[in-house]
Each structure stands twice: as structure tokens, then as C-alpha cells.
1. With labels modelled as points extended 7 Å from the Cα through the Cβ direction, what inter-label distance (nm, one decimal) is found for SER234 paired with LEU96?
2. Name the shape class, rounded, prolate or oblate, that the alpha-carbon gyration tensor gives for segment 92-189, where a ≥ b ≥ c are the square roots of its eigenvalues, rounded holds for a/c under 1.5, and otherwise prolate holds if a/b is larger than b/c and oblate otherwise.
3. Sum up the charges of everything whose Cβ sits under 9 Å from the Cβ of SER55, counting Lys and Arg as +1 and Asp and Glu as -1, but leave SER55 out.
4. Sort the following peptides by mean Cβ neighbour count (other Cβ atoms within 10 Å, averaged over residues), highest first: 111-119, 135-143, 267-275.
5. What length, rounded to one decimal in nm, is gained on full extension from ALA67 through to SER157, with 0.36 nm per residue of separation minus their alpha-carbon distance?
6. Counting residues in segment 63-140 as N, plug N into 2.2 N^0.38 Å and put the Cα Rg over that result.
7. Among 226-235, 90-99, 48-57, 152-161, what's the highest-first ranking by average C-beta atoms within 10 angstrom per residue?
8. I want the local charge near PRO126. Using Cβ-Cβ distances under 13 Å, sum +1 for each Lys or Arg and -1 for each Asp or Glu among the other residues.
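Computed from the coordinates by the stated procedures, all read-outs in this text should not be read as laboratory data. Quantities reported herein were computed from a predicted structural model and do not represent experimental measurements. Neighbour counts are summed over all protein chains in view; Cβ atoms, including those assigned to glycine, are modelled from backbone coordinates with ideal geometry.
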Amino acid sequence: MSDLQKPAPLLPSDAEHDGPLFFVIAIIVFLASLAAISGFLAVQNVTHWQQTLQSEMTVQIKSGNMAQAEQAARQLSTFPGVKNARAASRDEAKALLEPWLGADNIPDDLPIPLLVHVQLEQQNPPDAKTLAAALAATGIDASVDDHQHWAKDLARSARAVQILSIVVLALLVTASIAVTGFATRAGLAARRDLVEVLHLVGARDRVIAKLFGRRFVVLGFKAGASGAVLAAISIAILLASGVGSSSFLGGAVRPGFAHLLLLLPVPVLTAIVGGWTAKWSVLSNLRKTTQ
């Protein structure tokens, strides 16, 4: 009694062509994953910084008088829409100037404007002009900065990062589609005899296209999973090495393991794109040859 053998697939794998294609798609997925997570983190950071700026105001006491700064802080603390106000000391003001003037280049008798940090309520923040008018009415010479200029710059930066991330992802997806389409046409040409046999036994173009599509679905899933795993390992290495506080990926919102959840659908998406591209390429090529 002969041993039962598993029937061979109608479209066997081609290691000679599948190997290089696997690595190319995996690299593209790796780069796309890093670009997506970097763009997501950048937008989160910009949004956080924008919200922080909009929830604060800075009052500059031009006279540098600490008594006036404390008076202004007490007055602003009672203002509707203000959570609290704190007068910064002269040492804090000097610390802000030291990076520019040096630690030993600021004499004690140099008049330095003092700052009052104002925390605002999110729902009903006061207007900067209103606060400035209230301080001027009590004889305090002060300027109020509501950070709107910086908030607008951050909003433009967020939009620029979003557009750049979308463009990079679109280019990488286009490259993946182009590579898959080229590999599919090459595989179809190498299996021209098999395709003719399938036509002779009554197989339609859609059936043949589905065979190629299934093959590239499996290949795309494996390559997408490999690229996503490489991206996850790279991010994990960055986290383990402590990168984040001074890098572009860091800042207020740093990369965390929760961001790795963004990589979960990557293999499925890669498989869908690869299968659809292969099926469409085969159908297009077969229709041209039968015309």
C-alpha cells in the first residue's frame, strides 16, 4: 500500500524570486512602520506643547521689583479663569539668562525683568489684554504674553509633520506596489507554460489571478510581520538605551510600548496590498496577451 502523498500546489513557490522580494518588502514595511510611529509621536508632542502653551500666560514685570511681582501674582490669582499665579525669583530670571550671557557675567545690580507664571483654566481663560489692563490700573508696568504666536507656529509644525508622514507612507506603499507588480509579472512570464496548461483545462483568468494573489498574500503577510517585528525591536532598543528625552522621537510624549500596538495591523495590511497588486497585475497581463 503506497503512502499517501500531499498533492502539490498548482502554483508552487519560487524561492529564487520570492527571497529577494521578501527582503525588499520587509525593508519597506520596516521603514514605513518607523515613519508612521515617528510621525504619530511628533504630532502628539506638538499637540501637547500647543495645549501647554494655551493653558499658560507669562507676565513680565519690567521694573524688576520683587514686591511688584508678588503683588501682581496675588492680584492675578483672584482673577476669573486663573488657576494660580506664581512670581519667579530673581535667581530664576538669572538662570534663564545664563545660557546667553554666562553664569558670571550678570552683576547683582543689573535690573532684570521678573516673570509671573500664570496657569489658566481650559474652559474659560481670560484675555491677555484684560490682564494687562488690570495690572496697569494698579500701577504695575507689565507685559502679558499669551503664547499665541508660539501656539500658531506649533500648529503649522503639526500640519507639516502630518503631511510629511503621509507623503512618506504614500511613497513607500507605492514602492511596495510597484515591486510586487514587477515580481508578479516576472513570475507570470516564468510560468507561461503552466498558465497555458491551466487555460487548456478550462481555468479562467480570474482563477489564475487568484492563485498568484493567494501566493502573494502569504508572502506579504510574512514580509510585513518581519518588517513590523524589526521596527518593534528597533524601538525597544531605543527605549532600553534611554533615548527619548533629547531626541526628535522624545520630548513630552516619549515612545512607549503602547505605541507598538500601531504595528499589529501592519502584516494584514501588507498581505492585502500584496494580494490585490498581484491579482490585478496578473489579470491585466493576461487580458493583454489574449487580445
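1. Here the modelled spin labels are 3.9 nm apart.
2. In terms of gyration-tensor shape, oblate.
3. Taking every Cβ under 9 Å from that of SER55, the sum is -1.
4. Peptide ranking by packing, descending: 267-275, 111-119, 135-143.
5. Gain on extension, ALA67 to SER157, equals 28.5 nm.
6. My calculation over the Cα atoms of segment 63-140 gives 1.24.
7. So the peptides 226-235, 90-99, 48-57, 152-161, ranked by packing, come out 226-235, 48-57, 152-161, 90-99.
8. So the surrounding residues net to -2.
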